[in-house]
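Asker: I'd like to ask some things about the structure below.
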Amino acid sequence: MNKIKMLVLDIDGTIFKKDYTATDRVKNTLKKLCDNGVKVVLCTGRMYAATKSIAEELSLNTPVICYQGGLVKNFCSDDTTLWERTMNPALALDVIRELKKRKIFFNIYINDELMVEEDSPLIRQYVDARNLSYKIIGNCENIDFTGLNKILAIDDDTELIENLQKEMAEKYKGKLYVIRSTPRFCEFSNPDATKGNAVRFLAELWNIKQEEIMACGDQDNDIEMLLAAGVKVAMGNATEDLKKIADYVTDTVDNDGVVCAVAKYIGEEYAF
């Protein structure tokens, strides 16, 4: 078995439980991996501001992948942008009009700033759970969309979000990447802004082979990430589609499934 040199991890539902915390066991395992030269990379749909604080909390020393792969930044030195793929402004405006027509609430992210047209319990719940700030901008159709990282549609009706993703993925096929990141979230971004592309970018930068990469995730937006890895791990709480492509289905996030996977594929000495 090839030695794993790069461990790529989704955050929510993979290392973070529903209360948005990682256990000490997970933290200790990741720290020991870093101390022994394994590149531990967070790979998330979250914005950079939210991801950076998590990487710091976990004592990581590698760049982070944000916005489903739309942004890779070197948080541990000078915040250098290593890779970025933003949305086409005209397509962004078209998506926004579609969402408004359907009366679906949405967040927009421009140059890593979170904006909404109006206040709502949905945005307050979202930011409170992630310790984020947001800006209320009113009608966003006349603002400059240059540097738009992504659009996030939110609704408590999970069937509505599932149908939205299917319809919009077909409508914008080849033009936008449209994916569900949770049952309540549908995300729109640059077609090249996938977790898999960002993982391959870092692997090439570090001269790491695919078989030396292990990836762990739990949602459909992690499919591309797992496909970029040699060892594909789905959490026990993962979607059925993700489990289908995985080499191994580990325990759930509540039972530190990432630690179990690390013990199996990297070494039991890392599992506390």
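The values are calculated or read from the model by the stated rules, or taken from the named source; none is laboratory data. Note that this is a predicted model, so its numbers are computed, not measured. Note: ideal-geometry Cβ built from the backbone for every residue, glycine included; neighbour counts use all protein chains shown. The area values use the complete protein model at the heavy-atom level, side chains included, leaving out ligands, DNA and RNA. Shrake-Rupley method; radii C 1.70, N 1.55, O 1.52, S 1.80 Å.
Asker: Averaged per residue, what accessible area in Å² does the chain show with a 1.4 Å probe, protein chains only?
Answerer: 43 Å²
Asker: Just to be sure I follow: if Rg is taken over the C-alpha atoms of the range 4-105 and Rh is the Kirkwood radius over the same atoms, what is Rg/Rh?
Answerer: Rg divided by Rh gives 1.07.
Asker: Quick query: amide H of Leu82 versus all other amide H atoms, modeled in the peptide plane; which residues come in under 5 Å with a sequence gap of 5 or more or a different chain?
Answerer: Val72, Lys73, Asn74
Asker: For the range 83-182, what are the per-bin percents of Cα-Cα distances with bins 10 Å wide, up to the bin holding the maximum?
Answerer: Histogramming the range 83-182 at 10 Å steps yields 14, 50, 34, 2 percent.
Asker: Rounded to the nearest 10 degrees, what's the angle between the helix 195-206 long axis and the longest principal axis of the chain, both from Cα atoms, 0 to 90?
Answerer: 50 degrees
Asker: In whole percent, how big is the carbon plus sulfur part of the accessible area of the chain, probe 1.4 Å, protein atoms only? Don't skip to the answer; put the middle values down first.
Answerer: On the way: 5120 of 11730 Å².
The computed percentage sits at 44.
Asker: While we're looking at this one, here's another question. In this model, which of Lys244/Lys264; Lys31/Lys209; Lys135/Lys244 are farther than 31 Å apart at the alpha-carbon?
Answerer: Those over the limit are Lys135/Lys244.
Asker: Oh, and also: Under 10 Å, Cα contacts only: if you run a Gaussian network model on the chain, which one of Ala49, Ala261, Ala193 comes out with the highest mean-square fluctuation?
Answerer: Its mean-square fluctuation being the largest, the pick is Ala49.
Asker: First select every other residue whose beta carbon is under 14 angstrom from the beta carbon of Arg124; then total the charges, Lys and Arg +1, Asp and Glu -1.
Answerer: Summing Lys and Arg as +1 and Asp and Glu as -1 gives -2.
Asker: Bin width 10 Å, origin at 0, all Cα-Cα pairs of the range 148-272: what percent of pairs per bin?
Answerer: With 10 Å bins starting at 0, P(r) equals 13, 36, 35, 14, 2.
Asker: For Ile15, what residues show an amide H to amide H distance below 5 Å, using hydrogens built from the backbone and excluding near sequence neighbours?
Answerer: Distant-sequence amide H within range of Ile15: zero hits.
Asker: Counting Lys and Arg as +1 and Asp and Glu as -1, what is the net charge of the other residues whose Cβ lies under 13 Å from the Cβ of Asp247?
Answerer: +3
Asker: Cα-based Rg (one decimal) and Dmax (whole number) for the chain, in Å?
Answerer: Both quantities, over Cα of the chain: 17.9, 56 Å.
Asker: Ranked from the most accessible area to the least, with a 1.4 Å probe and all protein chains present, what is the order of Arg97, Arg184, Arg46?
Answerer: Correct descending sequence by accessible area is Arg97, Arg184, Arg46.
Asker: Moving to a separate point now. What number, rounded to the nearest 500 deg cm²/dmol, is the helix-based mean residue ellipticity at 222 nm of the chain, given -39500 (n - 2.57) per DSSP H run of at least four residues and division by all its residues?
Answerer: Rounded to the nearest 500, the figure is -10000 deg cm²/dmol.
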